[in-house]
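The values are calculated or read from the model by the stated rules, or taken from the named source; none is laboratory data. Predicted, not measured: the structure shown is a model, and the values here were computed from it. As a convention, Cβ positions derive from the backbone with ideal geometry for all residues, glycine included, and neighbour counts pool all protein chains shown. Please note that ligands, DNA and RNA were not included when accessible areas were found on the heavy atoms of the full protein model with its side chains. Shrake-Rupley method; radii C 1.70, N 1.55, O 1.52, S 1.80 Å.
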Amino acid sequence: WYGYHPYHWYGYYPIAREVQTPTYNYYSYNYYNDDSSYQPAPVSERQVFEQLGEQPGEPAEVTLVDTYFEEAVKGFEAGNYDRAVERFARAMELAPNVVVLPFAYSQALLANRQYSQAAEVLRAALAKVKPEKEGVFYPRGLYPKEELLLAQIDDLVEKAGLFSSDADLQLLLGYQLLGIGRVDQALSPLVFASRDMINAEAADILLKLLEKIKSSETEAEGAAPTPGAAPGSVPTPSQP
């Protein structure tokens, strides 16, 4: 979705496709239907790169949403977070049914240290999606360098520590920690946010996702071969 940068999604994986025009090529995440809404296709992580060469038909022309989206991503990559916030907001106004846009908008607000607004947008995004259908998205690939993301999360950790009773900050922190795979660390702030009336619904969605991730990890560990055992071998039980 974000060009060549590494990214991570939970749930479904939106596939960007290159659109060729007479003047230049661009990447779009939109799949244009009659109502111009985006319908994410359920694919596995393994299929992401395989499907890059199997994209649907191209839209007739570059839309204003595509332009705003591209400008937002470029602004984000350049560290111009004010511009990224403004452009993502405009894209959302024109394409309210594109489920990935609010998550990108929330991330731009976080990068711009507009934490309360980022939490508000995140709540609205989680309220609109059905996790078992569309998935919960984390736009990690906006960052050209992983260090930038980690530094912003460290700033958020410090802020959340200073204002430990702020449920918005705790929700945002739990989401960020979950997105970078720090599942155990995400539990405490999400539990705190779940006790707040405004954030309860969003926090519960993320807590269910957290449990799903932990269950998957447990199953994967249970299926792992015994260290030192030959492939396909069955460990011999210890004698009493």
Enumerate the pairs (first residue in region 142-165 and closer than 14 Å to L110 by Cβ; second residue anywhere and among the basic types (K, R)) with beta-carbon separation below 9 Å, excluding pairs fewer than 6 apart on the same chain, so at least 6 apart or on different chains.
-> L149/R140; Q152/R113; I153/R182; D155/R113; L156/R113; K159/R113
Which of the following residues is modelled with pLDDT of 90 or more, out of contact with any Asp or Glu (no Cβ under 7 Å at 6 or more places or on another chain) and under 29 Å from I213 (Cα atoms): P102, P139?
-> P102
Residue pairs meeting the criteria (Cβ under 6 Å; at least 6 apart or on separate chains; first closer than 19 Å to K74 by Cα and open to solvent by 10 Å² or more (accessible area, probe 1.4 Å), in region 87-105; second assigned to a helix (DSSP H, G or I) and among the acidic types (D, E)) = R87/E71
Output for Cβ contacts, cut-off 6 Å, separation at least six or different chains, first residue farther than 20 Å from L162 by Cβ in region 189-200, second buried (at least 21 other Cβ atoms within 10 Å of the Cβ), reads S194/A203
